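To start, the structure itself, in structure tokens.
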Amino acid sequence: MTTLEDLLATALLAPSRPVPRDIVPLRDPAPAHQPAPPVTTPPAPDTSAADDLRALCETLVTHTPATAVSAFVTDQVPEPRSALILACVLQLTDTDDGARFWWQYAAGAGQPAAAYCLYLHHLSLGEHETARWWHRQTNNVQPTPTTSHTTLRCNNQPTVLHHDASLTAILRILRGLARHVTRPRSAVVTELMDYMPTAVAIGYLREPDMELPLPGPGFARRIRTLLDAAASRPDSPSDLPARPHPQPKTRPDNTSCPPRTRRQVGETATR
Amino acid sequence: MNTSDTPDTSASRPAPEAAPVRPGRKLGPIADTVGSPHRAWLEPTRSSYLTSGRTLSDLSAHVHLAKSKLSELLRGVGHYPRWEVIHRLSTELHLPTWPLYRLWKGAALDIGKSRDWVQSSTDGTTLATTHSGPPMEHGALRTLLCKDYRRYALAFLPDDACEAAVEDAFAILWLSFTEALTSPDIRRYAWGVLRATVMAKTPHRDGRPELEAAAFDTVFAVSPRTSEDERLARLPLHTELFIAISKLPDAQLDITVLRHLCGFTPERASDLLGVPLATVLSGERHAKRALEDAAILPPATGGPVL
């Protein structure tokens with residue numbers, strides 16, 4: 001019986017064709033009024049999932065305490081929650097090598113936000129089946145009640161909102177909100193973004209067979225050093241301009257009635 | 001990230017002072033109607049202008065073209081520009097002339113301009129004397145990659161289109177080499193350029209590149225040691241396989257083509273794509289699962305029931 005492996009083994013193309021595919025020359029020297037036959041061009045890629053992933057990563061990185069990020073199992077392997085955030089930092093750089101595998105590790109260890117990041121990651125690559133699988137995993141990784149309530153207070157008047165509390169719904173709302181909020185990126189995040197791609201690239205050179213990045217024995221120490229250095233100075237925005245959004249909304253300094261949510265929204269709002 | 005466990009107050013601080021902007025209206029995007037061959041030289045030219053810090057007014061004075069016409073040129077609208085204008089632009093923006101000319105000419109012929117038009121447009125410019133050769137690193141990259149790039153392109157394109165695609169890719173790379181060098185991984189950047197160039201020349205159906213013609217070009221199909229019966233039996237399966245491969249997501253498609261159609265090792269595929277080996281192996285696993293789910297193979301028939 002022919003297996004897929006058998007088929008692939010005989011799919012090797014000859015390095016040169018004994019018979020050309022088309023004997024008509026590429027450029028037919030026809031007069032200008034005869035246009036070349038149309039070639040259906042590839043469709044423009046849909047970047048909305050990639051944009052959403054970036055926005056979600058910005059939010060997760062901004063709202064996770066540094067103590068969670070500095071937690072490591074060994075000097076090269078972060079704790080699952082730290083791996084989630086380090087993967088998000090990587091995603092914000094121009095090279096996301098290794099992010100997928102840290103998210104997989106974190107999702108396997110019970111971090112539902114990591115499963116959701118993987119959903120968006122695979123969706124952005126056009127890998128719809130894999131994306132759907134990770135979307136189903138998001139609620140399975142850490143089952144939550146399907147409905148819940150949130151109490152808002154304005155001028156000391158409570159208002160109770162009942163809503164869908166599944167994690168996918170919460171993360172979808174978060175990702176929608178993140179699109180419309182512009183926050184300066186903190187200096188520590190910028191420093192991590194400067195350091196991480198090189199560290200991960202070195203890790204893959206050292207251990208090319210390993211999926212999880214293993215950047216070397218000094219990795220945990222370096223991360224902690226960066227975080228400790230940031231903690232000892234005032235948390236100031238980096239020189240990077242805020243991420244552009246079509247309609248940036250910033251909270252005014254004097255807000256008379258800021259709504260306060262009493263319910264912790266999954267991992268992202270834990271302080 | 002909160003370095004103390006107190007709420008992040010950075011959002012309440014005023015935004016950093018904005019970088020100085022070019023005066024005047026912002027240059028609009030490239031028109032949607034601009035084809036891939038035209039974009040191939042237009043995008044690096046625009047990028048060069050946008051990073052130069054020069055204004056449209058200043059540039060238009062030096063290239064002797066009205067500001068509105070220059071804006072149209074940089075957006076790809078209006079008449080296809082003559083070479084003498086592009087040549088002046090390349091001088092002002094310090095762009096290498098030779099690859100720009102190659103791509104400009106290719107795009108001109110692609111939209112139906114005659115060779116006479118191209119020739120008359122070129123007359124009077126000093127193309128030959130400005131060909132100073134690519135940067136040394138570009139030459140090194142070409143030496144390392146050209147042959148294998150050609151193998152990839154050959155899966156999708158006939159021979160002469162394949163050669164043109166690879167040459168165009170290296171021309172685009174030359175034109176945007178500063179950007180390539182400052183990118184996180186020059187191999188990945190170069191692969192992106194090659195892929196875009198090959199796919200722009202490959203016919204597509206339902207948004208996916210056509211690959212089934214390659215089923216006739218396998219070693220198995222062309223080898224004299226393959227009997228006619230074996231060839232006829234295997235061809236429909238190969239055609240189905242290649243159609244299924246063409247429907248894979250882009251990253252998995254590339255990995256499968258490089259690994260199984262071109263015969264590269266996972267390490268070489270990793271080098272060409274500019275991604276870690278782990279990504280290649282992971283992509284290959286996902287691709288194989290997708291190909292199995294595509295039900296290319298006939299179902300297994302059960303043996304006799306005792």
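Do any GluC sites (Glu not before Pro) in the stretch B:16-124 lie in a loop, going by DSSP, with at most 16 other beta-carbon atoms within 10 Å of their beta carbon, and if so which? Here the GluC sites (Glu not before Pro) that fit, given the DSSP loop and packing criteria, are B:Glu17. In the elastic network of chain B, a GNM with C-alpha springs shorter than 10 Å, the most mobile of B:Thr256, B:Thr45, B:Thr239 is B:Thr239. Comparing B:Val280, B:Val222, B:Val193 in a Gaussian network model of chain B where C-alpha atoms under 10 Å apart are linked, the largest mean-square fluctuation is found at B:Val222. Counted by Cβ distance under 10 Å from B:Thr256, the other residues give a net charge of 0, where Lys and Arg count +1 and Asp and Glu count -1.
Taking B:Lys26, B:Lys201, B:Lys247 as the candidate residues, the one with maximal mean-square fluctuation in a Gaussian network model of chain B, Cα springs under 10 Å, is B:Lys26.
The residues B:Asp159, B:Asp254, B:Asp58, when put in order of fewest to most other Cβ atoms within 10 Å, stand as B:Asp58, B:Asp159, B:Asp254.
No lab work stands behind these numbers, since they all come straight from the coordinates. As the structure is a computational prediction, the values presented were derived from the model and not from experiment. Don't worry about glycine lacking a Cβ; one is built from the backbone with ideal geometry, like all the others, and counts go over all protein chains shown.
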